[in-house]
1. Hey, fewest Cβ within 10 Å first, where do A:Glu80, A:Glu237 land in order?
2. Starting from the Cα-Cα distance between B:Phe259 and B:Lys236, subtract it from 0.36 nm times their residue separation and give me the gain in nm to one decimal.
3. Please express the shape of the range A:124-231 as an equivalent ellipsoid: the semi-axes are the square roots of 5 times the eigenvalues of the C-alpha gyration tensor, given largest first in whole angstrom.
4. List, in the order given, every pair from A:Lys183/A:Lys396; A:Lys244/A:Lys314; A:Lys170/A:Lys203 whose Cα-Cα distance in the structure shown is over 19 Å.
5. Once the other residues with Cβ under 12 Å from the Cβ of A:Phe211 are scored (Lys, Arg +1; Asp, Glu -1), what is the net sum?
6. Taking H as built 1.01 Å from N, whose amide H comes closer than 5 Å to the amide H of B:Lys138, not counting residues under 5 places away?
7. Hey, with R₀ at 30 Å, roughly what FRET efficiency would A:Asn94 and A:Asn149 work out to, going by the Cβ-Cβ distance, to 0.05?
8. Past the 22 Å Cα-Cα mark, which pairs from A:Lys249/A:Lys387; A:Lys41/A:Lys322; A:Lys249/A:Lys290?
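Every number here is computed from the coordinates shown, using simple stated rules; none is lab data. Everything numeric in this text was worked out from a predicted model, so none of it was measured. Every residue, glycine among them, receives a Cβ derived from its backbone with ideal geometry; neighbour counts consider all protein chains shown.
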Amino acid sequence: MTQNEPTQSKKKTFLSYIQAKIDLLKKLIGIVDEKTPISFKLSEFMQEVNSSLENLPDEYKKNYELKPVEDKFFVNKESEINALESSFSNWMKNRFVTCAIVGQKGSGVTSTLDFFLAQHPQVETIRVELKEKVYTKSKYFSFFNKLLNTEGINTNKELIEYLNKIENEKIIVIENLQHMFLKKVGGFESMELLYELLSYTTKKVLWIGVFTPQTWNYLDKTISISNYFTSEIVMQELDSQMIKDIMLKRLENKSTEIEFIPNEETSKAKTFQNLDKEKQQLDLEENYFKILHKLSNGNISLAQLYWIRSISIKDKNILTVKEIDDFDYSFIKNLSSEVLFTLQALILHDGLTIKDFSAVMRESATESRKILMPMLERGLLIQPHEKFNINPAIYKQVFDYLSSKNFIH
Amino acid sequence: MKITILIFFLFFTSFSYATQKEPDSINFLEMISITKILWTLLSLVLSYIFITLFAKVLVFFAEKSSKLRITIKGLIPILRIVLWSIFIVLTIKIIYNPPINMLMTALASIAIAVGFATQDLLKNMFGGIMLLFDRPFKVGDKIQIGENYGEVLAINLTTTRVVTPDDSVVVIPNMELTNTSVSNSNSGELYCQVVAKIILPIDVNTQKVRQIAIESAQVSKYIYLNKPIAVIFTNKINENKPYLEMKLKAYVMDIRYEFHFQSDMTEIVLKELLNQSILHKQSIEVATK
C-alpha cells in the first residue's frame, strides 16, 4: 500500500501536468471561451507598488520614486534631443517654428525636456504642466493669465499683443496639452484659440507642446493639429537593454548585490535545476528584463512600477528581484461595450473626472459614477487624484484590444 | 435532401445508360451492394458533421477578430461547397470506383434530369454560385435588397439570410438577388457610412449648422475618423412650404453600431442646435408640417 502511494501520486502529477498543458493549448488556440474573472492582483497592483516602495530603505526609495530622472540617470534620447535642438536653432534664425512632442506618459518626455532646456539657460523659459481640463474660453484665459502673471486678458488679441511686446524671447513649454480639449461639441474651443496664439507669436516665443499619441491622432483627424506644429517629435520606445540600463544605473554607486529569485514554476523546471548558480542568475536576469520590456512596452515609468513591485532589500546590501508574475489579460475580451467605450474615452483624454466624463459621454453624474466606480473596484481603473485613469498594468493590453476593435484607429 | 436526390439520380441514370451503351463494361448493379450503400450513408453523415463543425469553428474564430470577422464569414459558404464536392467525389471514387465513362454518363444524366425536375431550385443554386464568385456582398455585410435592409447572416446554396435591424430574419432566394439591384453599405469592411437626416427651416444659417454637424459627428463615440464627414443640404417642399433637409454622412467604426451612431449624431446635432438657439421648437414644427 505504501509502495503504491508514490506511484499513484506520480501518476496524478503527470495527469494534472498533461491536463494543464492541454488547457493551456486550448486557451492559446482560443477553443475555450470561458469568462475569465478579473484578477484581484490587478486592483492591488498600485498598492503593491506603493508598499514595496515604502519598504525600501531611504537611499533606494529616493532613486526609484516616480519622478523625472536626475541628469546622472538620464539615458540617451539622442534623436529627440537633436530634433529639439534643430527646432531651436531654426527658431533662433527667425523661422516659423512650433514644436509638438508626442509621447506616452512615462516615456521620458519631461526628462528629455529638462536635458534640452538645461543646454539653453540663456533663454527664459516658462514651463507648465496641465493638470485639469482647460477646454472653455474662460478657463483658457485664466490659465494664460496665471501662466504669464497677467491680469484681465480676456481675448486672444490681447494675449497676442502682450506676447509680441515682451522684451526677451521665451520658450514656453506646455506639457499634457491633451487636457486642452474635451470630446464634446465646443470642446475644441481652447485648442483653436491656442492655434491662433501660436501662429501669431512664434517670433517671440518658441512653443513646445506635449501630447499623448492617442490625443494627437484624434486631434489630427478632427482639427488637423499637425498643421499648427511645424515640428513633430515622436518619443521612441526603449529596447530591453535600455530598460535594463535605466533600472540598474540607479544602483551604480552602491555596493549592492542583485539576486534574482525564481518563482515556483521556474525553480521546479529541470532545465533550470541543471544549471549552476551563476548561470541560473544570468538566465533569470535575461528573462526578467525581457518580460519587463514586453509588459512595459518600452515605457520607463511602467517598467519602473513593475521593477519596484519585484524588488526588496535583504541583508542590507542584497537587492532581491522576484520573477514577474504576469496577469491573465483574457478578461479584456469579455468586457461589455459600455466598459469599452469608457476605456476609449479615458485613453483619448488621458483620464477624466466624473464631471468631464459625464460631459463626454452625455450621461448624468450619477450614471457616470455607476459606470466608473465598479471599474475602479475591479481594478480596471485607478484614481490617484480626481481623475479616473486606466490601470497602467493593463493599459497596453486594453489599447491593443480597442485598436483591434476599431474603437481607437 | 438534395444529396439524396443526387444519389437517386446517379443510381437511376447510371443504371440505364451504362448497361445499354457499354455492355462489356462493369454492370452498375454489380457495383452496388447494401454494404456500399451503408458506407455511403455513413460517409455522408460524417461529411455533414465535419463540415458543420468546421463552419462553427470558423464562425467562432471570426467572432474573435473584428478585422477578419467579415472575411472569414464570407469564406464559409465557398468552403462548404468545396468541401461537399470533395467529399462526394471521394465517396464515389473510394466506395464505388466507377469507370470514367459511366461516371461521365451519370453526370450528364443528372444534369438533364435535375434540370427538368428542379428548374427554380437550379436557378437559385446557380444564383448562389454566382454570388459566391461575383461576391457583390459577403457574410457580415449590410445590404439593401428591395425593402429589406440588414446584415447578411448566411449565403446558402439556394437562399441568403439577412437579419434586419428589428431582429427579423429575411430569407431571400438567390435567384432574386442576381436579378435585382443590391446596395452594399460596407463591402467587406468593418466600417460603413451612416446618414443622419435632419429637417431644418429654410432660413437656417447653413454655415453654422454645417460646423455643428461636423463637430457632432467627430465627438460621437461611434465615429470612424479615417473616413471623411460630409454635410449635404437639399431644398425640399412639403405642402407648398419649402424646408431644408440636411444629410450628415459619416462612418461608423463597426457596422454593428450603425443605428446607435445614426441616433447619436441626430441627438447631438439637434441638442446643440437648440442649445445655440439656431433651431427653435416652433421652427421644427413649421418645417415638418
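1. A:Glu237, A:Glu80
2. Here the segment from B:Phe259 to B:Lys236 would lengthen by 5.8 nm.
3. Whole-Å semi-axes of the equivalent ellipsoid: 21, 16, 13.
4. Values: A:Lys183/A:Lys396 22 Å; A:Lys244/A:Lys314 21 Å; A:Lys170/A:Lys203 10 Å.
Pairs exceeding 19 Å: A:Lys183/A:Lys396; A:Lys244/A:Lys314.
5. Value of the local net charge: -3.
6. It is B:Gly188, by chain and number.
7. For R0 = 30 Å, the calculated efficiency reads 0.70.
8. Check vs 22 Å cut-off fails for A:Lys249/A:Lys387.
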